[in-house]
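The block underneath contains the structure these notes are about, expressed in structure tokens.
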Amino acid sequence: MTPHKKILGAIRRRPDSEEHEKIRKLWTAHSIAEDSRDIPGLMATLTEDCIYKMPQNGLAWEGHEGATRFYNELLTAFPDVHFDLQNIVIGPQGVFEEAHVTGTHEEEWHGFAPTGKPVEFDVLIFFPWDSAKEKFSGERVYYFGLGENA
């Protein structure tokens, strides 16, 4: 399927209240698991073939093994990380969230040397929804402002 046809299909999807509730509940479970540092709980919300991408630096992690590495790296670098949700959009294509992130930078993270100091930055995250598997097929994470105070 061409990218154009794929996006047209996504745009034309009609909201369904039952599916919306499934997506919302799974996103809530995902967020609770992340706050609890519950890696198996996080993996339970993701398809086996999920892909985590950080487009601004070209990094990607594939499957549950890759997603586990992504979270272990994040939680090691910022052991007290906190996501303060600013906005959320839930639709048949998935979930989009905007959050303000705070934490202490304890370990290297994707080229940012640890400072041992508190940091703040913002993230935009898209969780694509796989309607056939009724799980998220990963995340696309965009971060802003980390290099300014890391």
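The values are calculated or read from the model by the stated rules, or taken from the named source; none is laboratory data. The structure presented is a predicted model; accordingly, all values stated were derived computationally and were not measured. Reconstructed Cβ throughout: ideal geometry from the backbone, glycine too, with neighbour counts over all protein chains shown.
Among residues of region 56-84 being part of a helix (DSSP H, G or I) and hydrophobic (A, V, I, L, M, F, W, C), the one that is surrounded by the fewest Cβ atoms within 10 Å (Cβ to Cβ) is LEU75.
The set of residues in region 97-146 being small (Gly, Ala, Ser) and over 19 Å from THR76 (Cβ atoms) consists of ALA99, SER131, ALA132, SER137, GLY138, GLY145.
Residues of region 44-61 that are closer than 27 Å to PHE112 by Cα and among the charged types (D, E, K, R): LYS53 alone.
Could you tell me whether LYS53 is in a helix (DSSP H, G or I) and at pLDDT 95 or above? So LYS53 fails the test. The residue that is farthest from GLU65 (Cα to Cα), counting only those in region 108-138 that are modelled with pLDDT of 95 or more and in contact with a Pro (Cβ under 8 Å, 6 or more places away or on another chain), is TRP129.
When you check GLU48 against the structure, is it in a strand (DSSP E or B), out of contact with any strand residue (DSSP E or B) (no Cβ under 7 Å at 6 or more places or on another chain) and closer than 26 Å to ASP130 by Cβ, yes or no?
It is true that GLU48 is in a strand (DSSP E or B), out of contact with any strand residue (DSSP E or B) (no Cβ under 7 Å at 6 or more places or on another chain) and closer than 26 Å to ASP130 by Cβ.
Filtering region 15-45 to residues that are of a type in the set (S, T, N, Q), part of a helix (DSSP H, G or I) and either surrounded by 15 or more Cβ atoms within 10 Å (Cβ to Cβ) or modelled with pLDDT of 95 or more (or both) leaves THR28, SER31.
Among the residues of region 62-114, those identified as of a type in the set (Phe, Trp, Tyr) and farther than 18 Å from PHE127 by Cα are PHE78, TRP109, PHE112.
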